[in-house]
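Mind looking over this structure? Questions follow.
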Amino acid sequence: MWLHRSLGTKLISADIAMGIARLITRERYGQIEVDRNEPLKVEAVDDTWTVTGTANKEFDAAHPRQPACGGRLRMQISQFDGQILECVFDVDWSKTE
């Protein structure tokens with residue numbers, strides 16, 4: 001991988017990063033968390049992809065999250081080798097009061 005990095009060759013496309021985020025979320029948290037975050041958005045940030053979930057109030061109303069303060073997926077993935085640098089669910093602080 002060091003050769004790809006030194007040559008500036010990025011192996012991970014936006015579509016692959018989105019697929020990684022879906023696979024990891026499904027394996028770790030179940031299909032319902034993938035569905036809750038769809039459609040996923042992907043953005044290039046320096047040499048990484050940041051994949052974030054989208055809020056869907058209708059889905060959340062039909063499938064309440066426990067605990068209720070759990071938020072949207074945010075995953076940061078290296079464009080060079082697919083390393084997952086961050087995987088969190090951002091807390092919705094408005095629901096913690």
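For residues in region 54-78 being at pLDDT 95 or above and either in contact with an Asp or Glu (Cβ under 7 Å, 6 or more places away or on another chain) or assigned to a loop (DSSP other than H, G, I, E, B) (or both), which is nearest to LEU11 (Cα to Cα)? Reasoning before the result, please.
Here is the first cut: in region 54-78, the ones at pLDDT 95 or above are 74-78.
Still in the list and also either in contact with an Asp or Glu (Cβ under 7 Å, 6 or more places away or on another chain) or assigned to a loop (DSSP other than H, G, I, E, B) (or both): 74-76, 78.
On the way: ARG74: 21, MET75: 17, GLN76: 15, SER78: 9 Å.
Selected residue: SER78.
Checking the condition in contact (Cβ under 8 Å) with a residue 12 or more places away in the chain and assigned to a helix (DSSP H, G or I), which residue from ILE32, ILE12 passes?
Values: ILE12 fails: assigned to a helix (DSSP H, G or I).
ILE32 is the lone residue from the list that is in contact (Cβ under 8 Å) with a residue 12 or more places away in the chain and assigned to a helix (DSSP H, G or I).
Any residue at all in region 23-39 that is under 14 Å from ILE84 (Cα atoms) and either in contact with a helix residue (DSSP H, G or I) (Cβ under 7 Å, 6 or more places away or on another chain) or surrounded by 13 or more Cβ atoms within 10 Å (Cβ to Cβ) (or both)?
Within region 23-39 (the criterion being under 14 Å from ILE84 (Cα atoms) and either in contact with a helix residue (DSSP H, G or I) (Cβ under 7 Å, 6 or more places away or on another chain) or surrounded by 13 or more Cβ atoms within 10 Å (Cβ to Cβ) (or both)), the answer is yes, since at least one residue qualifies.
Could you say whether any residue in region 3-11 is modelled with pLDDT under 95 and surrounded by 14 or more Cβ atoms within 10 Å (Cβ to Cβ)?
The answer is yes; a qualifying residue exists.
The values are calculated or read from the model by the stated rules, or taken from the named source; none is laboratory data. Since this is a predicted model, take the numbers as computed values, not measurements. Cβ: placed from backbone, ideal geometry, glycine included. Neighbour counts: every protein chain shown.
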